[in-house]
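The values are calculated or read from the model by the stated rules, or taken from the named source; none is laboratory data. Predicted, not measured: the structure shown is a model, and the values here were computed from it. Ideal geometry is used to build each Cβ from the backbone, glycine not excepted, and the neighbour counts take in all protein chains shown. Only protein heavy atoms, including side chains, enter the accessible area calculation; ligands, DNA and RNA are left aside. Shrake-Rupley method; radii C 1.70, N 1.55, O 1.52, S 1.80 Å.
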Amino acid sequence: MVKRRYLDEADANVRVDQREGLRRRGWPISVVLVCGIALPVVLAAVLIYVAGYEVARRNTSELARDKSEILIHSIERRVHSHLEPVRTQLEYISEIMEEEALDLRRRTRLGELLAASLAASPQVSVVAFANPEQLTLRAFRYRPEQRIKLSDWGGDPGLGRAIARARARRETFWGELFVAEDIGLTFMNLFRPVYHGERFVGVLIAGVSIHALSEFLGTLEGKHTDNAFILYDRDFVLAHPRFLDSPPAVSDAGPLPGLSEFGDPVLARIWTPDRFDGRERRGRERRGRERRGREQRGRARRGGRRRQACLSVSPGSRLR
């Protein structure tokens, strides 16, 4: 009996050892089935989620960018529509001056014509005529005590350069900025050469203050247009609704505030390279090439004539 009991216990121990050996040799079949079925499903779901998220991110980014570009182009068109009557008015005055042979020898008639033109262009603060000797007749909108004034600006180098440029061409152009230091305002100046036949007699000048242009930007209606602004030569602020509350300090040396001087941290970083990662930068470069291609094709359709814009509109901080 003792021997048989000893053999039974030994056989039981062997069977236990065999079962433990089986466990050590592999995973349970239930675990294998779960992993084999669930793991591919989880991996597929993760891939679909990542791909869907990337597509959604790109679509959202493109839609926001397209919406911003449409808004910017809309503001640009409205600004040009605001300034185009100034060009039309100067061209009309030059036609009358040529038909009536007007110059400073008939300054009374010419002064009346200049003063009357202000009624049709409220965005213009002053309109003037300067002859080659830089004798200048001006008509003011906001000086009721002296609507018309004749001045000798013979020592002004900026006016001398504008007259020389006007003599060399017969088209209207935007010239240098002018600072009226007595009132602390900077003016954008539109010039129109005046000829009597083939004889150059002078140049018409229309001055639009950056305060008036900023006031126009403030009247633009829209959810995202209350912070629109205009840059001059990339690094200077030409117009901004904030000018109405806190006019910038200007001088002949500094007619416009710089981006870093304006006090807007977002505006100060507008040209910072690290604002965009590599993918967005490549997208901007691609869209820039496409835009330049469209402009070149447009110029080709117009017979090679290039249409230049005098202003560059950029999105405000709320558009970025």
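Observations, loosely collected:
- Residue in segment 298-315 that is modelled with pLDDT under 80 and more than 27 Å from ARG87 (Cα to Cα) present: no
- Applying the set (1) over 13 Å from LEU204 (Cβ atoms); (2) at pLDDT below 90; (3) surrounded by 13 or more Cβ atoms within 10 Å (Cβ to Cβ) to ALA120 leaves exactly one unmet item: (3).
- Residue that is nearest to THR186 (Cα to Cα), among those in segment 244-297 that are assigned to a loop (DSSP other than H, G, I, E, B) and modelled with pLDDT under 60: PHE276
- Contacts under 6 angstrom Cβ, first residue in segment 193-206 being of a type outside the set (A, V, I, L, M, F, W, C), partner assigned to a strand (DSSP E or B), 6 or more apart: PRO193/VAL203; GLY202/PHE129; GLY202/ALA130; GLY202/VAL194
- Some residue of segment 126-141 being in contact (Cβ under 8 Å) with a residue 60 or more places away in the chain, open to solvent by 30 Å² or more (accessible area, probe 1.4 Å) and over 27 Å from ARG169 (Cβ atoms): no
- Selection from segment 225-241 of residues that are open to solvent by 60 Å² or more (accessible area, probe 1.4 Å) and either part of a loop (DSSP other than H, G, I, E, B) or free of Cβ contacts under 8 Å to residues at least 24 places away in the same chain (or both): ASP226, ASP233, ARG234, ASP235, PHE236
- Among the conditions (1) open to solvent by less than 60 Å² (accessible area, probe 1.4 Å); (2) acidic (Asp, Glu); (3) farther than 23 Å from GLU215 by Cβ; (4) in contact (Cβ under 8 Å) with a residue 24 or more places away in the chain, ASP156 misses just one, which is (4).
Residues checked against (1) within 28 Å of ILE75 (Cβ to Cβ); (2) open to solvent by 50 Å² or more (accessible area, probe 1.4 Å); (3) of a type in the set (Phe, Trp, Tyr):
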| residue | (1), (2), (3) |
| --- | --- |
| GLY160 | no, no, no |
| ARG167 | no, yes, no |
| GLU176 | yes, yes, no |
| MET188 | yes, no, no |
| VAL201 | no, no, no |
| ILE205 | yes, no, no |
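- Within the option set LEU43, LEU114, LEU83, LEU90, being assigned to a helix (DSSP H, G or I), exposed (fewer than 13 other Cβ atoms within 10 Å of the Cβ) and of a type in the set (A, V, I, L, M, F, W, C) holds for one residue only, LEU43.
- Tallying residues that are aromatic (Phe, Trp, Tyr) and under 30 Å from VAL208 (Cβ atoms) within segment 41-96 yields 1.
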